[in-house]
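Following: one structure in structure tokens, then a few remarks.
Here, each number is a calculation from the coordinates, and none is a lab measurement. Small disclaimer: the values here were computed from a predicted structure and weren't measured. Ideal geometry is used to build each Cβ from the backbone, glycine not excepted, and the neighbour counts take in all protein chains shown.
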Amino acid sequence: MLDTKKLKGKAWVFGDILDVDFDIYPIELTKGEGRPKNEKDYGKYCMVNIDPEFPKKVKEGDFIIAGLNVGYGHDHETAPLAIKACGVSAVICESTNRNFLRNAIHIGLPVIELPGIKNKVKQGDELEANLKTGTVKNLTTGITTKFDPYPDFLLEILDAGGLYPLLRKLLPKGEVPMYARIPRPQ
């Protein structure tokens with residue numbers, strides 16, 4: 001489970017235009033025998049076309065810091081799954097696309113869009129992010145940057161580890177969050 005009030009880890013800095021099927025999760029490497037057997041296996045492939053050792057170096061709670069258009073390309077859930085599976089607590093980027101953002105939230109991976117972040121963070125900086133207050137603090141430099149805080153309903157999804165874990169928790173109790181209800185035709 002994610003503690004959205006206090007995410008803390010080291011920064012791993014990448015560039016712009018991170019493609020879901022080449023840069024983040026190189027789908028060509030996973031065809032045939034290389035295909036992941038479970039969700040944790042996706043992490044073994046995260047960012048290996050950019051840094052082949054990344055999955056071995058990244059630690060639980062670390063952050064991916066990136067530039068413009070993170071999650072470019074197809075609407076595949078495998079890219080955010082790979083990021084989460086290798087232990088990254090959040091992606092902080094200059095911009096992303098809506099498909100990547102939606103898929104990331106769906107599986108319980110926060111994405112923070114923060115223009116100018118690459119100028120405020122260097123590789124290896126220690127960071128702390130709080131999704132509820134909308135702050136990213138660079139503990140190495142002391143610089144705090146603000147972003148629009150996550151709304152409560154998204155924090156609830158992220159705290160549960162994703163939409164399906166939240167629904168598995170609530171549905172047996174007969175509870176359905178308002179945002180998950182589908183209006184019935186009259």
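Highest mean packing comes first when the peptides 91-97, 6-12 are listed by Cβ atoms within 10 Å, giving 91-97, 6-12. Close amide H contacts of Leu18 (hydrogens built in the peptide plane, cut-off under 5 Å, sequence separation of 5 or more or a different chain): Val70, Gly71, Tyr72. Think of it as helices only: each DSSP H run of n ≥ 4 in the chain is worth -39500 (n - 2.57), and spread over all residues that comes to -5500 deg cm²/dmol at 222 nm. The residues packed around Gly142, meaning those with a beta-carbon under 13 Å from its beta-carbon, carry a net charge of -1 if Lys and Arg are +1 and Asp and Glu are -1. Here is the short version for the chain: Cys93 have no other Cys C-beta closer than 4.7 Å.
Summary of the geometry: the range 9-72 and the range 137-152, compared by the centres of their Cα atoms, lie 24 Å apart.
Once the Cβ-Cβ distance of Leu139 and Ile17 is raised to the sixth power relative to R0 = 35 Å, the FRET efficiency obtained is 0.80. Within the chain, no helix built from a complete DSSP H run reaches 24 Å or longer along its own axis (Cα positions) while carrying a mean Kyte-Doolittle hydropathy of 1.6 or higher. When each of the peptides 105-116, 161-172, 69-80 is scored by how many other beta carbons lie within 10 Å of its residues on average, the order from highest to lowest is 69-80, 105-116, 161-172. For Kirkwood radius over Cα pairs in Å, the listed values are (i) 15.8; (ii) 16.8; (iii) 23.8; which was obtained by calculation from the structure presented? Only one listed value fits the structure, namely (ii).
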